[in-house]
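Data first, discussion second: the structure below is written as structure tokens.
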Amino acid sequence: MSQNEIRYTPAVGSKFNPDGSIHTFAGNTVICYTPPDSHAYQQGEWVQDEFRKLPIAHKYALMPPSSFHMTVFELINHSFRNPVKWPQGVALDTPLEAMDQYFIERVPQVETPENFRMRCTGLRGGGILIKLAPADDETEQRIWAYRRALAAATQLHTPDFDQYGFHMTLAYRLIELEPDEEQIEREFFERVGAQLRETWGIFDTGKPHLTFFDDMYRFVTVDERHTLKTRAEG
């Protein structure tokens, strides 16, 4: 395939550059970190190692394991200012620094759960995502109650709120796949996804955190927000 025939995915130009290097994609979000000593972290590394063996691996940007996390509630992205994914009553041109402060004031108004118990239901495409779901009815009720409370506190009501799928992102696809490559991906997802469902166990997430980011590689709490280049520049 020649350079002119490469079909890039929407991740290129937003979250990544064509060569796979990271692209500025600043924003904020509520996540649960995946600790390096957790089984979930080790499973994520194992999936990445298995994927690197495939002939399609060069079409993906694998995330550094230090960035592994489960998003609980998406907030906003600086470069994607759409009314349907923006707090009601807040101007779309509000500076990023002011949006950070908006969430710093409102997210703590909601009582923070101690943890969530999540099971693995397989792998999802578009990149490489470990699909997660509440492991029991109590977790199901608590995580959705927390999301609803955050939506009310932040006035952020997205159309896809009820359809949100919990996950842990391991990679983003940069280049569209050919039909034979799609088959390779499908077989990988089926094989590895089945093994994950057997070996994952329960991921005890610990507390969710309000975090801030320059890009998809690093998510920091309010205490480290000043270290982000997009905030220092603003």
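Before moving on, here are some points about what is shown:
- Residue in the stretch 197-234 that is farthest from residue 136 (Cα to Cα), counting only those that are among the acidic types (Asp, Glu) and buried (at least 16 other Cβ atoms within 10 Å of the Cβ): 214
- Selection from the stretch 66-111 of residues that are of a type in the set (Gly, Ala, Ser) and either free of Cβ contacts under 8 Å to residues at least 12 places away in the same chain or closer than 23 Å to residue 203 by Cα (or both): 66, 67, 91, 98
- Annotation: of all residues in the stretch 114-172 being farther than 30 Å from residue 20 by Cβ and small (Gly, Ala, Ser), the one that is surrounded by the most Cβ atoms within 10 Å (Cβ to Cβ) is 135.
- Test: residue in the stretch 17-27 that is in a helix (DSSP H, G or I) and not hydrophobic (A, V, I, L, M, F, W, C): no
- Given (1) in a loop (DSSP other than H, G, I, E, B); (2) without any contact (Cβ under 8 Å) to a residue 24 or more places away in the chain, index of the condition residue 180 fails: (1)
Coordinate-derived values only; no laboratory data. On a predicted model such as this, the values are computed, not experimentally measured, just so you know. Note: ideal-geometry Cβ built from the backbone for every residue, glycine included; neighbour counts use all protein chains shown.
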